[in-house]
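Below you will find the structure I want to go over with you.
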Protein chains: 2
Amino acid sequence: MKPSTSSSPVSSPVTSPVTSPGTSSGPSPQAARPRARKGVATVCLSGMLEDKLRAAAAAGFDGVEIFENDLVVSAMSPESVGALCADLGLSVDLYQPFRDFEAVPDALHAANLRRAERKFDLMERLGADTVLVCSTLSPHATDDDGLAAGQLRALAERAAARGIRVAYEALAWGRFVNSWEHSWQIVRRGDHPNLGLCLDSFHVLSRDPAPTGIDTVDADKLFFLQLADAPRLDMDVLQWSRHHRLFPGQGSFDLPGFLAQVLAAGYEGPLSLEVFNDIFRQTDPGPAAVDGMRSLVALEEAVAGIEYEPSDGRARPRIELAAPPPAPELLGHAFVELTVDDESAPQVSGALTALGFVHTGRHRSKPVELWQQGGSNVVLNRDDRGGGSTGTDGQGAAGGVSAGAGTRTGTGRAEVVALAVESRDPEQSARRAEALLATPLPRRRGPEEAELTAVAAPDGTQLFFCPGGDASGPDWRADFVPTGTGTGTDHGTEGAVAGVLGRIDHVALAQPNDQFAGSMTFYQSVLDLRERDFAEYAAPFGLVRSRTVGNASGEVRIAMHGALLRRGGWAPSVPDPEHVAFATDDVFAAARNARGRGLEILPVTDNYYDDLDARYAPEPALLRDMRELNILYDRDEHGAFFHFCTGILGSRVFFEVVQRVGDYRGDGAVNAPVRMAAHRQARNRTD
Amino acid sequence: MKPSTSSSPVSSPVTSPVTSPGTSSGPSPQAARPRARKGVATVCLSGMLEDKLRAAAAAGFDGVEIFENDLVVSAMSPESVGALCADLGLSVDLYQPFRDFEAVPDALHAANLRRAERKFDLMERLGADTVLVCSTLSPHATDDDGLAAGQLRALAERAAARGIRVAYEALAWGRFVNSWEHSWQIVRRGDHPNLGLCLDSFHVLSRDPAPTGIDTVDADKLFFLQLADAPRLDMDVLQWSRHHRLFPGQGSFDLPGFLAQVLAAGYEGPLSLEVFNDIFRQTDPGPAAVDGMRSLVALEEAVAGIEYEPSDGRARPRIELAAPPPAPELLGHAFVELTVDDESAPQVSGALTALGFVHTGRHRSKPVELWQQGGSNVVLNRDDRGGGSTGTDGQGAAGGVSAGAGTRTGTGRAEVVALAVESRDPEQSARRAEALLATPLPRRRGPEEAELTAVAAPDGTQLFFCPGGDASGPDWRADFVPTGTGTGTDHGTEGAVAGVLGRIDHVALAQPNDQFAGSMTFYQSVLDLRERDFAEYAAPFGLVRSRTVGNASGEVRIAMHGALLRRGGWAPSVPDPEHVAFATDDVFAAARNARGRGLEILPVTDNYYDDLDARYAPEPALLRDMRELNILYDRDEHGAFFHFCTGILGSRVFFEVVQRVGDYRGDGAVNAPVRMAAHRQARNRTD
């Protein structure tokens, strides 16, 4: 590591004006403790080396691991790379990997030392003082710990002469050394001050989900820490590692528990991401680096919350971790804002009217309408600038979404542009979001308009924080002048006692292919949501995955979905539908009411009901009603789910009405292919 | 099966005028034997059910398996689906799958029989007479073969009353029944004429790469055969099956050996593809169905070549298999044709000149130039219609490439539009191609012009067959009027004794993401090539895979490459480079000659040579020469490979000069990231 650069001021993240993300607002009871430095391996990011370094710096990383191939293909000399890193405020924390070194016959050992000296030359030019040596896969190596330790000691002696440290890492698929315990035995046996351990969470946790004893390793032998998450997959571990790693919190590994152990050992080096991921490799590195940084801040927060008991009872100093302001409780969805144009507006208003909504307010200064029913609020924005008018200047896909724009076109544009949640402390919600690298959105108000705090999500959606419960703050409803048609609450219950759409159940957002994991991280960390549902299903035009995140009460739910693989020219006629789902206590009444008001409910195929009959043998009357009203059905071990949909309104929006029975957890994803096919059928009929 | 439709004339494949593909030209010594019928499961193809059925019919399939979910989401009634199949000349060979039936408690058995009766209702409406029942995964089932057999017998009795057959299949991950042998025991024990076996090559070969004894199964108990290939993957078998199946010949399974056994048992039912593949699920079903049909014809040809000895010594009748005309020997690349425009033409001619090529001929009727050196021939086509002028009317991406068009744009257009190979029998090569569903290209000739046979590859490349060796036929060179500058052969050897580019080593074609596997099948089957090299590597902008296919002599080599995942907006500046590689016996002389003639060889980074030095410790003089001349290096256990490249010429073409030492098998894929980075660097510098 390079202490000189590590203490230099980091540059601001490109998407946020905050400095030192995540640490700015945390209390610092022991100010003397060093701050946890954050790093990223260049292999995590796409592009040429300079693209990667600039993205890492812009996201606020303190240092980088230089992946060998990134340097080999670069026209920049090692000196230039080192200089660029210094200019960007990045330390070069590690050069990696150096392979197939130890436990070989003498002649090969000599050749390996020569090879190492050439890499040490390069590291000197680069300004890197630590090299990663991973456990051997060489067919020439032997299973001899003494030989391995001796040769690594010889390497460390050569390294020491250059001021370089050797960090030895057990690959999970190492030929002889594939556990961190084994690598630690060899390091101890090698017994040289310049020989230490590199721990990589993937290599450790892929073999042992709950390792113990890491906290007993000597802190001065913990040279480096690499962090990666991954889904639990039953597959060859090398392929798993090379293709499916994820940023912390995006997979299933217990990274907080792992990191707590490493910190309990006294580790004070960088927390460095090393993520091999097929999608990240080809994603714009700017937003990807921000995703990575956000995941690290969230990990630090999670670790800070663990009261760790070292297994040997010794209390060690621990580095200062990022501490974003805690997430205030969320009480529900305040409103959803859709952008509409002249062509789509009548379709959307017509559907809202038929569903029992009332146009209750007009915005004081903009072409924006408020529609209400019970506790469900929908804002329709005809602002030509394209969205985000409620309190903001409507800037679009901040945060670097590159694919979003292409999917958001179409005649009769209609799409979800903003979500608003009710928070017990909107200001703190916003501060937390900014500490987690969310882009704050500037506000533009007229007189008497509420000053709402808002940030941009990576998928371009605007996220508003409104006061909820007993929280003080401006009432966003005050932005709207009543139309005089009464409140939606009155109207909905007047028109029909049963079947009122009392609140927003969930909002479903289409995610650009490259942004799926990053959006998960964003919504989960910023809003403190947890995964509520995950589904992967075969739709008529390819595989789709969907994930729902929600708060503990289930009052806030955000569903994200997208094609598993980016599609080509052969695609559904509604490629990226988005929807707002409203909850009711009586879906059948709601459907009858809506139909009575002229709604054409999305038709569901007879084959679907025949299949439902075969599978579940429902009461004939129930099946008849479902068939008549085009109501879809799902169930899980906790309860049941009934729902119906409108057709596609404008380019890609529809509404859904849902009724949850018991504690059903999902969102009816099993029926999504039926719905998609029906939307295609209807769209092709009207086109 | 529906004998009435199975014997009806099949419709012609959409891409080819031949009828009954693959069987039209085969000898039929035992004309009484029934022809092998070919089918495809709707789950193999993307789109709505009617899209799938039309694609299957257009590709010449005789029948289909209807996958349940395809019907459930369809607005067509089962009767309408059946009628559409009949109209299209497709029999409905199977309805599938019916799950979790056998070995359950009595109450559940009764419910399962009810469920089955509902599906039998549907099958009657559909006109399907065979249902697939796959071995149970139910948590309610017990490990009791007697119970399983008894309940399946009860099901068969119900089915018999409807004229329906039950085909029982062992899923490779079945809870109790997961081998074909076990399913066969249960079927025998069930002992009902309407209870038989479904064999699926994936379920059998994923567990046992070389099964035996299938040929002893009673033919009248072999109700159905599903065919799928797959790469050998070390992963959960269900995930492997659901996502990674391939058409026959695209994976690693011994499908010919498997099919030979099944046919030796006397099976006369359809050869039906059942392929779950993430990419095929979202690919235009038209070309995908043609790929599938082509793979089946090639499989039939492979099986027909096996002299199978039944393990019990009994000779059984075997159905008549497709027999495309055998592939004539190929002697090398005749020429490669590039399309160029006003902007790119000077770049391409300049590079050819510097490489030692001479413009030796002008086409008699078109703006087309012949450039020659030794046995290397390059045709430059400035035809505005965009390619394919040599003997054809230049129609573009026949065969249904949808993504190709999008990648072939750019200012200064330059790309590979045609490959020509020398065949010992061009006419038979063309007949074989057509029997394998290649689209024949119409010819347009002037006086004295050669009538070349040509077909379109799925990637849009035109493939010409020229007479080679002692084959008689028109000489394509006669289309060109000599420029009077001598032949390239003379010129190349006059100018420099060493370093002549004596022949085309290989041609590298960029493949649209969805078409990769299909292109493999096309080139391998049509030209009778085998895989010579396979590589997957991390390029600066994402993972790339490349596959090289070649003939036994190595004189014809075609490399295909493309991004592993379809890219979004963040992409290299040269997204889909294509190149022509010329072979030389002295790459250093060739590089010096070219540089002497003014070629700017693509610069290779100093870091690359430093790394080469560290890894291989080459002779300093050799390393110095390589560094000076920008020559790249690779080696394998058979030999070594030296090569250098030009910059990108026009939109996406470059030339490469290669020298093979010993029996090196690859194409230097390990150096592709270095080359791609250098091309980006150079392109960004000049843009």
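What is the P(r) of the range A:114-239, as percent of Cα-Cα pairs per 5 Å bin from 0?
Going from the shortest bin to the longest, the percentages are 2, 11, 21, 22, 20, 14, 7, 3, 0.
Given a 1.4 Å probe, show me the residues in the range B:571-611 buried by at least 30 Å² of accessible surface when comparing the whole protein assembly to the chain alone.
B:T605, B:N607, B:D610, B:D611
Separate question: Taking the label point as lying 7 angstrom from Cα along the Cα-to-Cβ axis, what are the distances from B:R635 to the corresponding position in the remaining copies, in ascending order and in nanometres?
Those label-point separations list as 6.9 nm.
Calculate how steeply helix A:255-264 sits against the longest principal axis of the alpha-carbon atoms of chain A, using the helix alpha-carbon long axis, and give the answer as 0 to 90 degrees to the nearest 10.
That works out to roughly 40 degrees.
Between the range B:230-271 and the range B:143-180, what is the separation of their alpha carbon centroids in Å?
Taking the Cα centre of each part, the range B:230-271 and the range B:143-180 sit 22 Å apart.
Once amide H atoms are placed 1.01 Å from N in the peptide plane, what residues at a sequence separation of 5 or more from B:G542, or on another chain, have their amide H within under 5 Å of its amide H?
A:G47
Where the eigenvalues come from the Cα gyration tensor of the range A:242-362, what are the semi-axes √(5λ) of the equivalent ellipsoid, largest first, in whole Å? It would help to have the intermediate numbers written out before the result.
Numbers: eigenvalues 402, 89, 28 Å².
Computed over the range A:242-362, the values are 45, 21, 12 Å.
Starting from the residue with the highest accessible area, list A:H363, B:H359 in decreasing order, probe 1.4 Å.
B:H359, A:H363
Output ³J(HN,Hα) for the range B:161-173: one whole-Hz value per residue in order, computed from phi by the Karplus curve 6.51 cos²θ - 1.76 cosθ + 1.60 with θ = phi - 60°, and x for Gly and Pro.
For the range B:161-173, the Karplus-derived couplings read 5, 9, x, 10, 9, 10, 9, 8, 10, 7, 5, 4, 10 Hz, x marking Gly and Pro.
Of B:D312, A:D191, which has the most accessible area with a 1.4 Å probe, and how do the rest follow in descending order?
A:D191, B:D312
What's the magnitude of the charge dipole for the range A:37-304 around its Cα centre, counting Lys and Arg as +1 and Asp and Glu as -1 at the beta-carbon? Answer in Debye, nearest 20.
In total the dipole reaches around 360 debye.
Could you rank the peptides B:323-333, B:418-428 by their average count of other C-beta atoms within 10 Å per residue, with the highest value first?
Ranked from most to least packed, the peptides come out as B:418-428, B:323-333.
Please report the net charge: other residues with Cβ closer than 13 Å to the Cβ of B:R188, K and R +1, D and E -1.
Once positives and negatives cancel, what remains is -2.
Cα axis of helix B:49-58 to longest principal axis of chain B: angle in degrees, 0 to 90, nearest 10?
Long axis of B:49-58 versus the principal axis of chain B: about 60 degrees.
Then there's this: Work through the residues other than B:R281 whose Cβ is under 15 Å from its Cβ and net out their charges, Lys, Arg +1 and Asp, Glu -1.
Within the 15 Å Cβ shell, the charges total -1.
Taking amide H atoms as placed 1.01 Å from N in the peptide plane, list the residues 5 or more away in sequence, or in a different chain, whose amide H sits under 5 Å from that of A:G332.
Here the answer is A:E422, since their amide H atoms fall under 5 Å of that of A:G332.
Exceeding 32 Å between C-alpha atoms, which entries from my cross-link table qualify? They are A:K52/B:K52; A:K119/A:K221; B:K52/B:K119; A:K52/A:K366; A:K52/A:K221.
A:K52/B:K52; A:K52/A:K366
Which log10 I(q)/I(0) values, to two decimals, does the protein assembly as shown give at q = 0.05 Å⁻¹ under the Debye formula with one point per Cα?
-0.42
Now, a different point. So how exposed is B:S272, as accessible area in Å² (1.4 Å probe, rounded to 10)?
0 Å²
For the range B:194-205, in order, what is each residue's ³J(HN,Hα) by Karplus, 6.51 cos²θ - 1.76 cosθ + 1.60 with θ = phi - 60°, in whole Hz (x at glycine and Pro)?
Values per residue, Gly and Pro as x: 8, 10, x, 9, 10, 9, 10, 4, 5, 4, 6, 7 Hz.
Ok, one more. Can you give the convex hull volume of the alpha carbon atoms of the range B:31-135 per residue, in Å³?
Working: hull volume 12.9 nm³, N = 105.
Per residue, the Cα convex hull of the range B:31-135 comes to 123 Å³.
Please report the orientation-averaged projected area of chain A, defined via the convex hull of its C-alpha atoms, in nm².
32.2 nm²
Sticking with this one: Could you tell me the total accessible area buried at the B-A interface, probe 1.4 Å, in square angstrom to the nearest hundred?
Chains B and A together bury roughly 4800 Å² of accessible area.
Going toward the positive end of the dipole of chain B, with +1 on Lys and Arg Cβ and -1 on Asp and Glu Cβ, which of B:G313, B:M76, B:Q96 do you reach last?
It is B:M76, whose Cα lies furthest towards the positive end.
Take the range B:330-686, compute every pairwise Cα distance, and split them into 10 Å bins from 0; I just need the percent in each bin.
5, 26, 37, 25, 7, 1, 0
Share of chain B's accessible area from carbon and sulfur, percent, 1.4 Å?
Of all accessible area on chain B, carbon and sulfur atoms account for 50 percent.
Another question, if that's okay. Cα axis of helix A:106-126 to longest principal axis of chain A: angle in degrees, 0 to 90, nearest 10?
The angle comes out near 60 degrees.
Same structure, new question: Quick one: putting +1 on the C-beta of Lys and Arg, -1 on the C-beta of Asp and Glu, what dipole do you get for the protein assembly as shown around its Cα centre, in Debye to the nearest 20?
Here the protein assembly as shown has a charge dipole of around 1320 debye.
Here's something else I'd like to know. For chain B, report the accessible area per residue in Å² (1.4 Å probe, heavy atoms, rounded to an integer).
34 Å²
Under a Cβ-Cβ cut-off of 11 Å, what is the net charge of the residues other than A:E169 that fall near it, where Lys and Arg count +1 and Asp and Glu count -1?
Its environment carries a net charge of -1.
If you count only protein heavy atoms and use a 1.4 Å probe, how large is the accessible surface of B:F516, to the nearest 10 Å²?
Here the accessible area works out near 10 Å².
Compute, for the range B:330-686, the length of the dipole vector about the Cα centre, with Cβ point charges of +1 (Lys, Arg) and -1 (Asp, Glu) only. Units Debye, rounded to 20.
So the magnitude is around 700 debye.
Using the Kirkwood radius over Cα pairs, work out the Stokes-Einstein diffusion coefficient for the range B:31-304 at 10 °C and 1.306 mPa s, in µm²/s as a whole number.
In µm²/s, the coefficient is 85.
Taking θ as phi - 60°, what are the ³J(HN,Hα) couplings along the range B:222-229 by the Karplus curve (6.51, -1.76, 1.60), each to the nearest whole Hz, with x for Gly and Pro?
Each residue of the range B:222-229 in turn: 8, 7, 7, 10, 10, 10, 8, 9 Hz.
The values are calculated or read from the model by the stated rules, or taken from the named source; none is laboratory data. The model shown is predicted, which means the values in this text are computed figures rather than measured ones. Using ideal geometry, Cβ is built from the backbone for each residue, glycine included, and neighbour counts are taken over all protein chains shown. Note: areas computed on protein heavy atoms with side chains; ligands, DNA, RNA excluded. Shrake-Rupley method; radii C 1.70, N 1.55, O 1.52, S 1.80 Å.
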